Amino acid sequence: MILEYCEDGNLKDYLKVNYVDYGLKIDHLLQISKGILYIHNAEKVHRDLHPGNILFNNTPYIGDFGMCKSVKNENKEKIYGVLPYVAPEVFHDHKYTKAADTYSFGIIMNEFLSETAPYKNILYDHKKLAMHIYEGLRPTISEDTPELLADLITKCWDGKVENRPTTRELYQILNIWNREKYKNTAKFIFK
C-alpha cells in the first residue's frame, strides 16, 4: 500500500505545532473513526492503533497496517502494540478484536482532546502497567473535556468488551456532533 507523504507527521507531531480547537478535533476524530470503520467493514482489525500511526496531511490518515489481521484470526499471539493503547482483554487472552481497536481509539481520543500522553506521570515498567490496565487503570480525563466526549471516551475504554460502542456507533455519534457542533441547539457548543 502506498500513502501520500504526510508532511504534518503523526498525531503527536501535529499537536506540537498546531493549535487545534475542539471543533476541529471533533472533525479529526470523525475522520479517524471513519478510517477504523473502513478497516472493520473489511473484517480486519488494525491491532496497533496509537498516535504514532495516525498521520496528518491536513486531514488524519491511519497508517502502519503491518499487524492488521482478519477478525477471524483465532490464534493466540504475542502481545503487539504500544502498551498504553493495548486493550486489557488482550493481556488476558491475547486476542485482538474490533472492540480492542475501539479501546485504543478511546485512549487516542482522550490524548487528542487533552493533549496529554496516557500515564505520563506514572513511572512504570511494562509488566506492572499491563497489570494495572488489566485491573482497570485508565488515563485521567481532563476537566476541560465536555461531558458528552468524556462519556464516549469512558465507553470506548470500558473493561467489559460488550459495553464498548461499535465503530459504526462511534462514527455515527461523532458525525452527529460534527454537524451540530456550532449550532446553538447543540448539547455542547464550541465557539
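The values are calculated or read from the model by the stated rules, or taken from the named source; none is laboratory data. Predicted, not measured: the structure shown is a model, and the values here were computed from it. Note that each Cβ is placed from the backbone with ideal geometry, even for glycine, and that neighbours are counted across all protein chains shown.
Below is a table of values for the structure above.
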item	result
Residue match in the range 76-91 (condition: assigned to a loop (DSSP other than H, G, I, E, B), crowded, with 23+ Cβ neighbours inside 10 Å and out of contact with any Asp or Glu (no Cβ under 7 Å at 6 or more places or on another chain))	yes
Criterion violated by Leu152 - all others in (1) outside any helix (DSSP H, G or I); (2) at pLDDT 90 or above; (3) hydrophobic (A, V, I, L, M, F, W, C) satisfied	(1)
Output for the range 129-149, where each listed residue is assigned to a helix (DSSP H, G or I) and farther than 26 Å from Gln172 by Cα	Leu129, Ala130, Met131, His132, Ile133, Tyr134
Residues (buried (at least 16 other Cβ atoms within 10 Å of the Cβ) and either free of Cβ contacts under 8 Å to residues at least 12 places away in the same chain or not in a helix (DSSP H, G or I) (or both)) located in the range 21-60	Lys44, Val45, His46, Arg47, Asp48, Leu49, His50, Ile54, Leu55, Phe56, Pro60
Only one of Tyr103, Tyr14, Tyr19, Tyr85 that is in contact with a strand residue (DSSP E or B) (Cβ under 9 Å, 6 or more places away or on another chain) and not small (Gly, Ala, Ser)	Tyr14
Boolean, Tyr80 is modelled with pLDDT of 90 or more, more than 11 Å from the chain's Cα centre (by Cα) and hydroxyl-bearing (Ser, Thr, Tyr)	no
Residue within the range 116-128 that is within 22 Å of Ile62 (Cα to Cα), touching a residue at least 24 places away in the same chain (Cβ under 8 Å) and in a helix (DSSP H, G or I) present	no
